[in-house]
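As structure tokens, the structure follows; a few thoughts come after it.
Derivation of every value follows stated rules applied to the coordinates shown; laboratory data play no part. Worth saying up front: this structure is predicted, and the values here are computed from it rather than measured. Virtual Cβ from ideal backbone geometry, glycine too; neighbours counted across all protein chains shown.
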Amino acid sequence: MVQNAPFNLQDIPEINPVYMMQYEESQSAWVLLYPEGIIKLNDAAANILKLCTGDKNLEVIIAELKEMFNGADLEDDVYSFMEMALDKSWIRTRPS
Amino acid sequence: MTKAGSEPVLLDGGGNPLWLVLELTYRCPLQCPWCNNPLNFSEIEQELSTEEWKKVLRDARKLGSLQLGFSGGEPMLRQDLEELVEYANGLGFYTNLITSGMGLTKKRLIKLKEAGLKQIQLSVQHSDRAKNDAMVGAESFDQKMAACEEIKAQGFPVVLNVPISRYNIDAVGDMIKLAERTGIEFIEFANIQYYNWALLNRTELMPTKEQLEEAEAVVNAERERLGKAVTMYFVIPDYFDGRPKACMNGWGAIHLTIAPDGSALPCQEAQVIEGLEFPNVRDKPLDWIWHESPTFQKYRGDSWMKKPCIDCDEKEKDFGGCRCQAFLLTGDAENTDPACSKSPHFDVVLSAVEAARDRKGPGSPMVMRNRHALGNGYRNLAP
Ligand SMILES: C[S@@+](CC[C@H](N)C(=O)[O-])C[C@H]1O[C@@H](n2cnc3c(N)ncnc32)[C@H](O)[C@@H]1O
Ligand code: SF4
Ligand code: SF4
């Protein structure tokens with residue numbers, strides 16, 4: 001378990017309601033739209049954010065990602081992404 | 001799966017008009033004497049109909065537009081605003097409303113929320129009622145504050161837009177406190193851009209360097225104090241910086257404005273450039289307008305540039321500045337923006353700064369837009 005993370009495995013993340021995530025044909029990519037800008041997401045980021053639906057906790061999300069990617073060891077990557085996303089206010093979390 | 005921690009990239013346009021602004025009307029109940037709308041604006045009728053706007057929205061979405069601002073004039077004057085927001089939202093736009101707050105009632109806010117509106121930018125000119133009202137030439141402060149409360153009650157994120165002039169630069173700290181008190185997330189201290197009314201009144205409006213530095217210090221201290229609670233935008237204006245702004249991220253690069261009558265503009269001010277013909281969505285397909293029309297091609301990229309820009313290693317950064325400002329201040333839109341210290345016309349900007357400091361020159365006293373405007377008391381407001 002990663003120490004000093006700003007949230008733990010039981011926390012439930014969801015996309016900040018002022019953000020809007022959608023697949024954008026003209027960019028061939030998922031994008032995150034927010035008041036002052038547009039972010040083009042890489043596949044990895046999009047895969048994680050798609051699971052931040054506000055109804056499952058991080059433990060479940062990691063398990064689902066592992067299943068999608070044949071058991072790959074991706075915990076640390078997911079944690080550091082979530083930390084960044086939280087810092088940039090792309091997501092918010094609540095305890096389950 | 002690629003490494004998840006890798007930073008997602010910020011979108012560059014890739015040639016698409018990512019940012020779309022619809023100026024639904026030039027009509028407005030307020031009379032700001034710095035307004036960047038055309039000088040003859042009450043004469044402009046011929047606004048696009050609801051169906052015509054919807055077609056613009058569809059066509060722009062096909063061109064890859066994502067961010068959408070409904071502006072004006074005062075967009076609340078259009079009774080079809082809710083319908084257009086709903087339509088745009090359905091097409092996948094991120095919808096922003098840019099408003100003075102006049103006419104933004106609870107009833108309409110609820111409808112706008114249902115229609116899928118994402119964000120509201122509200123312009124407020126001063127934290128003091130009397131000063132705010134005098135500045136915009138009409139009683140409006142109470143309406144703006146009421147609108148602000150109601151906007152927050154409906155849960156919209158808000159950008160407070162404060163166009164900065166000599167008349168309100170001392171209120172920067174109070175405006176931040178107002179944002180803090182009302183739960184506003186973003187505050188933008190907008191440097192007044194000197195086109196149209198603002199250019200006419202430049203001598204009266206432009207703050208001094210000392211005032212700007214003082215205001216910047218206040219903003220920095222408040223950033224420290226408030227952290228992430230309120231995000232503040234404040235930049236020293238081009239006239240004082242020796243470098244121009246990266247206007248519109250380049251002509252015809254990512255930004256498209258449609259004026260009330262359907263004229264397509266590379267930026268809201270572009271109509272000040274004489275001799276350019278602006279294609280109209282009523283006559284031409286938007287795809288052609290964006291990609292192929294002579295006007296959108298004219299200053300795209302850097303092949304049109306003259307010296308010193310063409311040889312300059314900063315041209316990727318600022319694109320040679322603002323075409324409108326180059327035209328208005330040097331008579332030729334192809335010239336380097338005179339806000340650049342490398343421009344042979346830089347002295348025009350220096351002398352404007354000086355004239356404003358001494359308050360000597362055209363546009364002093366303030367030219368109001370309406371003889372009955374409250375702002376005829378402007379002299380009494382002067383700091
Ligand atoms: C032209 S107004 C139209 C929308 C609405 N009437 C309002 O005031 O918000 C759009 C925005 O431009 C700002 N603005 C007006 N004149 C300006 C100028 N000369 N330079 C910079 N910003 C300006 C206003 O404060 C407002 O936030
Ligand atoms: S800036 Fe002032 S005058 Fe211009 S459109 Fe907005 S409220 Fe009206
Ligand atoms: S010379 Fe032109 S490109 Fe170079 S900094 Fe000045 S405006 Fe920008």
- prompt: Taking into account only those residues within region A:25-34 that are without any contact (Cβ under 8 Å) to a residue 12 or more places away in the chain and not β-branched (Val, Ile, Thr), which is farthest from the other protein chains (Cβ to nearest Cβ)?
  reply: A:Ser28
- request: Take B:Asn36 and decide whether it is in contact with a His (Cβ under 6 Å, 6 or more places away or on another chain), within 16 Å of ligand 2 (Cβ to nearest atom) and more than 14 Å from every other protein chain (Cβ to nearest Cβ).
  value: no
task: Quick one: in region B:91-145, of everything that is small (Gly, Ala, Ser) and away from ligand 2 (no atom under 16 Å from the Cβ), which residue is farthest from A:Val18 (Cα to Cα)?
output: B:Ala130
task: State whether the residues of region B:303-325 include one that is more than 13 Å from ligand 3 (Cβ to nearest atom) and either within 14 Å of chain A (Cβ to nearest Cβ) or within 22 Å of the chain's Cα centre (by Cα) (or both).
output: yes
field: Filter result (of a type in the set (D, E, K, R) and within 15 Å of ligand 1 (Cβ to nearest atom)) within region B:156-214
entry: B:Arg166, B:Glu188, B:Arg202, B:Glu204
statement: Quick count over region B:68-85, residues being surrounded by fewer than 17 Cβ atoms within 10 Å (Cβ to Cβ) and either near ligand 1 (Cβ under 10 Å from one of its atoms) or part of a helix (DSSP H, G or I) (or both), is 1
Selection from region B:328-337 of residues that are touching a residue at least 24 places away in the same chain (Cβ under 8 Å) and either away from ligand 1 (no atom under 16 Å from the Cβ) or not in a helix (DSSP H, G or I) (or both): B:Ala333, B:Glu334, B:Asn335, B:Thr336, B:Asp337
- request: Within region A:77-96, identify whether any single residue is in a helix (DSSP H, G or I), more than 10 Å from every other protein chain (Cβ to nearest Cβ) and farther than 30 Å from B:His255 by Cα, and answer yes or no.
  value: no
task: Considering (1) away from every other protein chain (no Cβ under 13 Å); (2) touching a residue at least 40 places away in the same chain (Cβ under 8 Å), say which one A:Val60 fails and leave the rest.
output: (2)
- prompt: Conditions: (1) assigned to a helix (DSSP H, G or I); (2) surrounded by fewer than 21 Cβ atoms within 10 Å (Cβ to Cβ). B:Gly103 meets all but one. Number of the miss?
  reply: (1)
- prompt: If we scan region A:43-56, do we find a residue that is within 30 Å of B:Ala60 (Cβ to Cβ), outside any strand (DSSP E or B) and touching a residue at least 60 places away in the same chain (Cβ under 8 Å)?
  reply: no
